[in-house]
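In what follows, a single structure is set out as structure tokens and then discussed.
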Amino acid sequence: MIKAILIFNNHGKPRLIRFYQYFAEDMQQQIIRETFHLVSKRDDNVCNFLEGGSLIGGSDYKLIYRHYATLYFVFCVDSSESELGILDLIQVFVETLDKCFENVCELDLIFHMDKVHYILQEVVMGGMVLETNMNEIIAQVEVQNRLEKSEVRPFLSSSKSFPLIYVFGFSQVSAIKYSLSVL
Amino acid sequence: MALKIVKGSIDRMFDKNLQDLVRGIRNHKEDEAKYISTCIDEIKQELKQDNIAVKANAVCKLTYLQMLGYDVSWAAFNIVEVMSSSKFTYKRIGYLAASQCFHESTDVIMLTTNQIRKDLSSPNQYDTGVALTGLSCFVTPDLARDLANDIMTLMSHTKPYIRKKAVLIMYKVFLKYPESLRPAFPRLKEKLEDPDPGVQSAAVNVICELARRNPKNYLSLAPLFFKLMTSSTNNWVLIKIIKLFGALTPLEPRLGKKLIEPLTNLIHSTSAMSLLYECVNTVIAVLISLSSGMPNHSASIQLCVQKLRILIEDSDQNLKYLGLLAMSKILKTHPKSVQSHKDLILQCLDDKDESIRLRALDLLYGMVSKKNLMEIVKKLMLHVDKAEGTTYRDELLTKIIDICSQSNYQYITNFEWYISILVELTRLEGTRHGHLIASQMLDVAIRVKAIRVFAVAQMATLLDNAHMLTGNTQRNGICEVLYAAAWICGEFSEHLENPMETLEAMLRPKVATLPGHIQAVYVQNAAKLFATVLKSQEGNTDSTTAQEASQLMIDRLPLFVQSANLEVQERASCILQLVKYIQKLQQKDVEVSEEVCALFAGELNPVAPKAQKKVPIPDGLDLDAWINEPPSESESEDEQPKAIFSKEEPKHSRPRHTEVDEKELARRREARKQEQANNPFYIKASPSSQKVYQETPGVEHIPVVQIDLSVPLKVPGLPMSDQYVKLEEERRQKERAEKKKKDKKKRKEKRSGRGKKHDSGPESEEDITPAHMVDIVTEEMPENALPSDDDERDPADPHKALDIDLDKPLADSEKLPVRSHRAAEVLKSPAEDEEGENVSSLEPKKKSSKEKREKKKDKDKDRKKSKEEKKKKKHKHEEKEEADLLCGQADEPAFQSEETNEVVTPPTSTSADVSDLDFWLSNAPVPSNTQEAATVAAAEAAPAPGAISVTTPDSEPEEPKDTEMEETKSSKHKKKKQKREKEDKEKKKKKKHHHHHHHHGDKGGEESVQNGTVEEEEPLPPMSNYCLLAENSYIKVAYDIQGNLQDGSQVVVSVIFENKCDSFLKSMEFNVLDSLNSKLQRPEGSGPHDSLTIPFQLPPGVSNEARFVFTVQSIIMPQKLKGTLTFIVKNEESSTHEKLDFKLHFTCTSYLITTPCYSDAFAKLLESGDLKSSSIRLEGVNMPFHHLLARICFHHHFSVVERIDSCASMYSRSIQGHHVCLLVKISSQTVSVDAKCDEPTLLGNVLDEIKQTFSQC
């Protein structure tokens, strides 16, 4: 089970939080701070697993994270998840974001938190992995976006007008490599 | 009104949307909180408007603010409003907000039940999807109970997108409403074989999650998962399954044996690291469960270790980390295999990544031996010096202590060395683990008698240099060791070189700055020291020293009398008065030392930490009963003091050391003394050596002020542990030399004596004798101590409630609450009661025959027939062929695994199920002697687990008995098994008699139990709904039609294709000639006459299923559609194009959906007068009434409303909502069916079909 998914930037500012277990708002913020503290002091060339995090989980839980340019993607999972599998899942998620937003950058996440949530909902549901096939995820997201477009008058939907200043550095992170036949 | 709307939309243009809010917050970095509070005010205004778009926009912004830590629960009601919008866009916003901030105590949740139910059944699959996603985050016990049935229905939705979500959310439903687990489980299990990989993966996910917490209940699924494991190519699914096996295998070692081979194959073949890693992990789990196991496992271990070494050597830090993690699991059972990789692990200690270093440390724990302990600890001590950051250093410290103290100091050969290591560790700055070091010091000093002299000397030095430890406020944690030092010096003061000096050190004014509990120990032990000083001066005519001691006490103790700490104060004032009195006596030249010493006489024995807990309560003793009248206010029990010994004492070490007999000990002691005497480097506890020691240059002269705390400190005057490493080496060498001289006999004795002690160490370790014996015998345990204390599960664990036996037959009371009658608790319709009774009356007979128990297994009123059923139907027509297949083509895994599935899947009565599993695990078919019997067994495929074993070629009927004997270790087990075999044989015999019917599938029977009420002894004949569609020499096609609950104009046709020939069938295309009324649904963009490609190929002997959706307009008439199946038959030489025509028969029955109905609702329906009636008579029906009902239920999708004797009312509903009511009566072979329906044509056709069903039998 995945207990929480946190996305925050290099300064610890949350960009998306998704808890699959109830925590009060102040506790959520504390968890973000603690997690940021743990993760941010790690070099980029060390392993992506982290035990500890006293606030969330306990001994059965691990933090599995990836760092892309300005953003940290952190999954808090228990022992029923495969560590390498989750690493690949993060990659799937990020690549999906990249496809859906066309060269995703932090600003996309800042201004379209809701859309990021909708994409995430097609990947993980209630703490369990729902879909790992990127094409399927994108297809479902697109159908729903079309549905939304057909319902809502154009002036509410805003088009993307931000410069791509923080384009994710995909080159730093190797692609989905642990579960080769995923795609 | 119109104006208002216009106004609303104009306002909207000026509203902030989410992007504006974010931009605003970014532009108000300095006064963010203020800006947000104005935004919240705006949002509150927006929420008051009627326009749903405005509200949705506001809620969307709130979701963002929630992320920033703002509590938005005040808007919960508005969120519900937005959720109930009819537009997907807004609905989605609402559900997202709800999923972020609703939780169990959000009270508006109870308002959402109906809205969610509506969304779940929405014609738009994305409405349903959004509702499911939202619900998965905030489902409450109430929601779970009310919606369980709706969600369960969605598990069979036509869209895989919904199916997978519905399957996943069931896990949450189970957690919140455990009662739903048993009714929903059969369908969940069915989804393991869903044609859509996403749905399949979801089902695997859920079952794995369930099984992980309560593995024993899912053991019976092992064969099914085994099949999935060997057939699936989806790595995500494989990983989950393999992880699951890791959890199951400790419960059933035979399962492990079965797993080794396929897992090994996967390890060799997979290129996915994640899968490889999980395989290795599970193989390790298997090997652990088999640890006593078979000889050829060393190969598997070697494979694992070798693969892990590759991971650890990889430059990818993630793989390195996981490799170490898995290695530590192997270590527990197979330390030797890991020890050979010591180099690699030590190398990892130098890794720049802390996580990896920590993992390597874990491994070291298990790698130490007597030989290398000192070397490893030395290396760790270097790391301690180098380490940056206290966390890692503390971790190192605890690891050093763990490593040294493990298994009762088993690997320590020289305790002087260990004490000096501990003393060196006190130099650590800012460690939190002072108490840990302290408890080790105490433990060693108390339990290793021989070391006391040395320990006391060291502790005295430590006390003398106490300022080094307390100087820095940051180092507070470490001053705990002074507690130990003071106590050791006091308790074993007879060993002190110069008690007077130590006494002085303990009474320094600086001591008053220590924490209270340490001061208290100081004061108490100062008194002990005082006693020792007096004793040492006994008989000495010159009494100045004794008097000096008294004076010292009297001078210094008043400081402690003033202490704010009660404990210190109390002890100090007592002792002060005592000393004053002694001084008086001394002045009168009275000998007092004996009396004073008597105060502290007596030996302390260490007691095992849980000794008290393990004393069983004697019979007749009630600890809760009051002995006297209860006092008015009961005193709270003494809080348990922080046990300073308790942590390090391992529990199970006792017997080992008691085996060393006294003689041996004495002999060794003697040898050691001699050796020590001869050893010039050995620091003896004699006065002379101590002196030499203290005269070491620099001891007294190091000015304290000059010590730079950032450099690792050396407590002056303390020995370095390194010295002991050298000493120890020399000692060992010497010992070896001595040993050679000794005669062989003695050596042998010694070996046998000690062999028992350390059987885990390598051979050469035997030669190293410890310098001191650990006095473990004294770790006292009560005589009749209980063997072990089980750690209890956290009572708050939600999974505890899910510890449910899934194999028990489902009782009627367990049905999920159904929507039509929301009051789920009021299920008290008489029919229900009766049914419940009937089922229970059946219970005792369940073992009488296999069919019977199978019948009961599934309570699920499936509207769509389960896959299993379909397969059953297939058997009906191809009994013969199948039997041949099973016997002859043992190498056809796919086909047989399907069989496997059928056989083991159904949750049957527990005992029977266990024997099924036993069977599968034992790899042995029924020990039948004749080929005929085997054939029968195979023909009876479904219930006879023997059929499965055909999968493995080595399990031919004759051979297995041996295998089995060999495999079952305990005779107890054997007996059980033989018994089971016998039972099976008997069952077989029975079956022979009526295996004709029996073969047609038991699922039908089981389905009928819930519907048809059964009380007669006679078992139901099995049934199936699959009918033959077409057949030729290549292929056989069977089908079943089910109405779609979600859509009144759709039916789903499930078609099973079975390859009958030896060639490969591919490019299958299915086409139907549409009629005006019924049309095959084709994918978008294809023409009305295009055929559908079947998404699979069929290897020889394999069957598979495809589903086709048809839209129908009118359902009141049966009809037939013509169609063709085309396919290519491919074998080595050629490939031919083949064609098969068929007629698809849509009966009216297939438009009916089994719908439960309660007698009160049924009565109302009949009273309403809207229904037209009709009736038929069936003559010569020669079957028990319950069979008759069961058949109607099964074949015609009815459910029994009420049954009284030989009369029953039944109900069903068409996909377009027609009610069909039946009153069935039987009297001497004549059955009359009076029926009512709101559509007479439909009714007529249904009755005709019923008539036909019974005319066939």
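General remarks:
- Residue check for A:L50: within 21 Å of B:E395 (Cβ to Cβ), within 13 Å of chain B (Cβ to nearest Cβ) and either over 13 Å from the mean Cα position of the chain (by Cα) or part of a strand (DSSP E or B) (or both): yes
- Filtered residues of region B:218-250 (kept if β-branched (V, I, T) and more than 11 Å from every other protein chain (Cβ to nearest Cβ)): B:T230, B:I241, B:T249
- Some residue of region B:1043-1065 being farther than 30 Å from B:R1213 by Cβ, surrounded by fewer than 17 Cβ atoms within 10 Å (Cβ to Cβ) and in contact (Cβ under 8 Å) with a residue 60 or more places away in the chain: yes
- Matching residues in region B:193-217 - criterion: being surrounded by fewer than 22 Cβ atoms within 10 Å (Cβ to Cβ), more than 10 Å from chain A (Cβ to nearest Cβ) and in contact (Cβ under 8 Å) with a residue 40 or more places away in the chain: B:E193, B:P195, B:N214, B:N217
- Exclusive hit being small (G, A, S) and in contact (Cβ under 8 Å) with a residue 60 or more places away in the chain, set B:S1134, B:S1078, B:S1091: B:S1078
- Among the residues of region B:1213-1244, those that are surrounded by fewer than 19 Cβ atoms within 10 Å (Cβ to Cβ) and at negative phi comprise B:Q1216, B:L1223, B:K1225, B:S1227, B:T1230, B:S1232, B:D1234, B:D1238, B:P1240, B:T1241, B:G1244.
- When A:V92 is tested against the conditions (1) over 22 Å from B:E278 (Cβ atoms); (2) more than 7 Å from chain B (Cβ to nearest Cβ), the lone failure is (1).
- Leading residue by the ranking (surrounded by the most Cβ atoms within 10 Å (Cβ to Cβ)) among those in region A:22-47 that are within 10 Å of another protein chain (Cβ to nearest Cβ) and within 18 Å of B:Y392 (Cα to Cα): A:C47
- Summed over region A:95-118, residues that are touching a His at 6+ places or on another chain (Cβ under 8 Å) and within 12 Å of chain B (Cβ to nearest Cβ) total 0.
- Applying a threshold of 6 Å to beta carbon distances and a minimum spacing of six or more residues, or different chains, the list of pairs starting in region B:401-420 at a residue that is over 19 Å from B:A438 (Cβ atoms) and ending at one that is of a type in the set (K, R) and not in a helix (DSSP H, G or I) reads B:Y411/B:K370; B:T413/B:K370.
- Every residue from region B:384-410 that is of a type outside the set (G, A, S), within 20 Å of B:Q339 (Cβ to Cβ) and assigned to a helix (DSSP H, G or I): B:K399, B:I400, B:D402, B:I403, B:C404, B:Q406, B:Y409
- Among (1) of a type in the set (A, V, I, L, M); (2) surrounded by fewer than 23 Cβ atoms within 10 Å (Cβ to Cβ); (3) more than 21 Å from B:E497 (Cα to Cα), the one test that B:I412 misses: (2)
- Helices (runs of 4 or more DSSP H) wholly inside region B:188-300 that include at least 1 residues being among the basic types (K, R) and out of contact with any strand residue (DSSP E or B) (no Cβ under 6 Å at 6 or more places or on another chain): B:197-213, B:222-231, B:235-248, B:253-269
- Meets criteria (within 14 Å of another protein chain (Cβ to nearest Cβ), within 30 Å of A:E142 (Cβ to Cβ) and part of a helix (DSSP H, G or I)) for B:S122: no
- Every pair of residues 6+ apart whose Cβ atoms lie under 7 Å, when the first sits in region B:311-322 and is within 8 Å of chain A (Cβ to nearest Cβ) while the second is in a loop (DSSP other than H, G, I, E, B) and of a type in the set (S, T, N, Q): B:Q317/A:N45; B:N318/A:N48
- Subset of region B:1145-1199 [part of a helix (DSSP H, G or I) and charged (D, E, K, R)]: B:D1160, B:K1164, B:E1167, B:R1191
- Matching option when the condition is over 20 Å from B:E594 (Cβ atoms) and either among the acidic types (D, E) or in the same structural domain as B:R452 (by the TED database) (or both), among B:Q547, B:Q537, B:Q562: B:Q562
- Count - residues of region B:45-83 that are within 11 Å of another protein chain (Cβ to nearest Cβ) and among the acidic types (D, E): 1
- Across region A:119-145, the number of residues qualifying as among the charged types (D, E, K, R) and more than 10 Å from chain B (Cβ to nearest Cβ) comes to 1.
- Condition met for B:F174 (assigned to a helix (DSSP H, G or I), touching a residue at least 60 places away in the same chain (Cβ under 8 Å), surrounded by 23 or more Cβ atoms within 10 Å (Cβ to Cβ) and within 14 Å of chain A (Cβ to nearest Cβ)): yes
- The one condition in (1) part of a helix (DSSP H, G or I); (2) closer than 29 Å to B:I109 by Cα; (3) not basic (K, R) that B:G69 fails to fulfil: (1)
- Residue check, A:I17 part of a strand (DSSP E or B), crowded, with 21+ Cβ neighbours inside 10 Å and within 8 Å of chain B (Cβ to nearest Cβ): yes
The values are calculated or read from the model by the stated rules, or taken from the named source; none is laboratory data. What you are looking at is a predicted structure, and each value in this text was computed from that prediction instead of being measured. With ideal geometry, Cβ positions are generated from the backbone for all residues, glycine too; neighbour counts draw on all protein chains shown.
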